[in-house]
Every structure is written in C-alpha cells, then in structure tokens.
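Following: one structure in structure tokens, then a few remarks.
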Amino acid sequence: MLLLVLEASTASAKALLYDDAAGIIGILPKNYSSDAGDTITYDADQLMWETLQVGRELLEQKGITEVDMVATCSIWSHSLLMLDHKKQAVGRLSTWADTKASPTTEKYRRDQILYNFLYQRTGCPIHITYTLWKYIHERETGNTAGVAYIASMPDYLFYTLTAELAVSYSTASASGFLNLHSLSWDNEVLHLAGVSEQMLPRLVNSEYTAPLTPEAAAVLGIPAGTPVLITGADGCMNHVAAGGFGEDLMTLSIGTSAAMRIATDSPILANYPATWCYVGVENMWVAGSATAGAGNCVAWIGKKILGTSNGLSLKELEEGARNFLRQGDAPIFLPFLVGERCPGWDDTKSAMFCDLRLNHDVYALYYSVLEGVLFNLRQCYEITIPIVGRTPKFISISGGIEESQLWLSMAASIFGLPVHTNGQMHASLLGTAYMGLKGAGVLDTVKKIPPQIEMSYEPDYALKDFYTQRFQRYLKHYNQ
C-alpha cells in the first residue's frame, strides 16, 4: 500500500511517501514562501497551495502518478481561520504565534472561577494559543462581520483536499471548543463565544476518509477520488511514531515550539490550569505540557542576533557554547519571545537574559538560549509528572534538536533521564503514515508500534549539581 502524507506545519509544508513493504521512500520539507506569510499569520489559500505543491514535487521526483491514500497532518487546532458563507477566507490565518489576542485572554483569566471551569471541561487553559480565544478576541474587537464558519489550519487543509469542513476529535480537542468528556462541542463554550455548533467543522474520528476533489487532484497530479484520511495533529502523530501509545515513555518534540506528552487511558487534568489534555487515538488521551519558545528562540539568537552580525556558523556557535558549558558561568535566559504557554499560560510574558556580565560573549548567549529552552521544559516536566502519576523510563525526542548533539546531551542531563532519538526529524509524518495503514486495515492497532531508537544520550551525573543550581537560578528569575 502506497501513501502520500501531506503536512502543513507552523513554518513549513512537508510531504512523505510511504510503502507498507518498503517503508519511507521519500520525504520533502519546504519552508513556506514569504508570499504565504511569516509564521504569525498566513494567506491560507497560498499556504495550502504550497503544501499541495510540495506533495506534487515529491511525487514527480519519484515518478509516481497514483497512490492508494492521501493522509493529512497539521498542527493542533492552535490557529484561527474565519470563513464566509461560501467557505472562503475572511482575513488571514492566525497561528499560535500570533499574540494579538493577549489583552482579551488576560482579561478573562482574571475570573479564576471561569478559568478553572473552562479548563476542567475542555482541557485547555485560557490562552491565545487556542482557536476559541482567538475568535473571541476577533468578535470583541469587531472583526467577525460576514463570518459564517470557524476553522483552523488542519481543518482547512482537509477542506482544500476534499471540500468537506471536518475535524478529528483529536485535533479539535486542542481548540478550546470541545468538551473533553462528552467529545462534543461544548454548549457552555459556544454560548460564551456567541457561536452555534453549525459554525464549527463536523466532528469525525481520526480514521475518517473523504474523496480527493478533482481540483486538488489536478494540483497533486493523482486521480480524483483517492481516499483522503483526516488523522490528527502533528503532536499526536509524533507520539504514534514513537510508540508512545504502547510504551511507558514520554515524547518530547522540540521544533519551532516544544511539547512533552504521555499517553493515558482517560482524561487527566490538574486541579488548576497548568497542563493540557487532548484526545489521542484508539480511545486514548494525551496529557502534557507545551512551551512557545524553543527552536524559534535558537533561530532568533543564531540568525538575527549572533550569526548575522558576526558571520558565525552553527558549528562554531555550538563549539563555543560547549566551551562555555565547561566554564559554567553563562547568563540565565527566559525563553518567552512569543509569550508563555505552560506552566503559567501568560501570553504577555517577555523573554530576557539575566545575570549578564562583561565576560559573557556570543557563545555564552547561545549556550544560555539552549539551556533556557530546556529549563522551561524541565519546569513543565516537574508539574506534569505528579499530575499524570508516573515517571517515564526514557524520553523519545524529535525535531530540530536532533541537529545538535550538544543540545541532546544537555537534555539528558537536565531531565536526568536517557534521551533517545529515532532518526526521524519529521516523526509526525511517519505517525500519520502509520495511521493511514491503520485506517486501511493493514495495521490492527498503532499501540503495538515499538519505540525506534537510533541514537541514545545518557545523563552526565557529574553535572547534576551544576544544573540543579542553575535551574534554581532560572526559577528565581522566572518567579520574579
């Protein structure tokens, strides 16, 4: 069975060709053009066209004109696209990185009773990340005239391919609109947002398929009517690829943003809005934490601040950072360039360097950013694990962090757990392919997928006291 996987991620379009006998036969990622947008907002139709074009290019590279299934993947419902009565875009698509709704979320978070009430129903805190709060902000600022439908990036990808406005329960559970317990659009939330259920996409399971439209087929260069699988979000698909629904492990994705996830048999929520919980696959849930600052912080310091002005290569920055780790006196970095998700959900928070000294150079700053991203994640880890009620045996890690052995070794030492990579920087594509095989009946379950280990990094216990002391400094500055 041959599958074409299409993913519209935050910063790039990706395509994968997967054969159930041969495995991966091609991967093609491409950053979106400046015509599409800037990660914060996008021209939705341009973004989808570029995603389909990446699929077509990969098919042409391999000389393939027909596949058995197209499987889709995108981000969680951490975006907003408003549509008119003809399901055409009203304005631009706003991603999770768009913080303009922060005055609205900050206002609603002051009502602690409402804050916890909504979290216990939906698993989603009040935050600009979620579709719900992006829409409420648009409504309260008078920008919803002519809006007939509310969608997000994954919904629109499926609509572009099939002309059906639908969303999987898994993806929808990260919108803020879905009741986590009844798995239906929440009436209390609908009332708060001032919308009807008919304005939202139709809820379907992760193995739902619809036929490829002639228009999308022409762009891809494959036959119309090819089944298109809706699957779930990139984070959930990453967990599938890692074997996370069958093993006692934690997955940690560090890409533009970062997220840690543990599979559970039922919804697990904190007593207060600290972590999140979303629907997984095969009657499982995913509990965890997410941070807004990760690879975007590294790109910022490496390209905009250090590399551009000093002509330094990534290799030089890494080696210099490694030397500063040995020196042990780098500043502390709070990685909130685009606000905060877990644990405080303060989308107004800003990033900063703390404890700067005259001896600090570009390498010290670069090291501090790598460390600060991991400290924010460790902070989330220490909150998440008691809520979930079990400690993982190891961490399956993926994303841009895999390009840096220094960063991977730091992660193992900071978490005090073995860190394994699976060699798949685009693990969400592979997880989506597995769901395609499950949907087609080739796989009975994705719970039996074993963890794939390519490289392993053990904690350096000689650095335990060093990182403990620096983490306490991080927490001091965070709390201030």
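Summary of values
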item	result
Every residue from region 441-457 that is within 18 Å of A411 (Cα to Cα) and surrounded by 12 or more Cβ atoms within 10 Å (Cβ to Cβ)	I453, M455, S456, Y457
Region 381-414: number of residues that are in contact (Cβ under 8 Å) with a residue 24 or more places away in the chain and not in a helix (DSSP H, G or I)	11
First in region 200-213 and closer than 17 Å to V240 by Cβ, second anywhere and in a loop (DSSP other than H, G, I, E, B), Cβ under 6 Å, 6 or more apart	S206/T231; S206/G232; S206/V281; Y208/I230
Output for region 27-79, where each listed residue is among the aromatic types (F, W, Y) and either outside any helix (DSSP H, G or I) or assigned by TED's automatic domain parsing to the domain that holds V338 (or both)	Y32, Y42, W76
Candidates T264, T256, filtered to the one that is over 20 Å from A433 (Cα atoms) and in contact with a Ser or Thr (Cβ under 6 Å, 6 or more places away or on another chain)	T256
Restricting region 326-337 to residues that are closer than 20 Å to A258 by Cβ and either at pLDDT below 90 or surrounded by fewer than 23 Cβ atoms within 10 Å (Cβ to Cβ) (or both), the residue that is farthest from the chain's Cα centre (by Cα)	I332
Yes/no for A321 being of a type outside the set (K, R), crowded, with 16+ Cβ neighbours inside 10 Å and out of contact with any Pro (no Cβ under 7 Å at 6 or more places or on another chain)	yes
Residue in region 389-397 that is over 16 Å from G295 (Cβ atoms) and under 19 Å from the mean Cα position of the chain (by Cα) present	yes
Any hit, region 17-27, residues being of a type outside the set (F, W, Y) and closer than 24 Å to S152 by Cα	no
All positions within region 116-143 that are among the small types (G, A, S) and surrounded by 24 or more Cβ atoms within 10 Å (Cβ to Cβ)	G123
Filter result for A241 (without any contact (Cβ under 8 Å) to a residue 40 or more places away in the chain, within 27 Å of E402 (Cβ to Cβ) and in the same structural domain as K393 (by TED's automatic domain parsing))	no
Some residue of region 65-84 being more than 21 Å from the chain's Cα centre (by Cα), of a type outside the set (A, V, I, L, M, F, W, C), surrounded by fewer than 21 Cβ atoms within 10 Å (Cβ to Cβ) and under 30 Å from A193 (Cβ atoms)	yes
Among (1) closer than 29 Å to I449 by Cβ; (2) surrounded by 18 or more Cβ atoms within 10 Å (Cβ to Cβ), the one test that M199 misses	(1)
From L356, L269, residue being at pLDDT 90 or above, farther than 23 Å from F177 by Cα and not assigned by TED's automatic domain parsing to the domain that holds Y130	L356
Of all residues making up region 415-432, the number that are surrounded by 24 or more Cβ atoms within 10 Å (Cβ to Cβ) and either in a helix (DSSP H, G or I) or among the small types (G, A, S) (or both)	6
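Residues are listed down the side, and each one gets a yes or a no for (1) in contact (Cβ under 8 Å) with a residue 40 or more places away in the chain; (2) under 22 Å from G288 (Cα atoms):
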{"site": "A71", "(1), (2)": "yes, no"}
{"site": "R92", "(1), (2)": "yes, no"}
{"site": "T95", "(1), (2)": "yes, yes"}
{"site": "R110", "(1), (2)": "no, no"}
{"site": "T162", "(1), (2)": "yes, no"}
{"site": "E188", "(1), (2)": "yes, no"}
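The values are calculated or read from the model by the stated rules, or taken from the named source; none is laboratory data. Small disclaimer: the values here were computed from a predicted structure and weren't measured. Ideal geometry is used to build each Cβ from the backbone, glycine not excepted, and the neighbour counts take in all protein chains shown.
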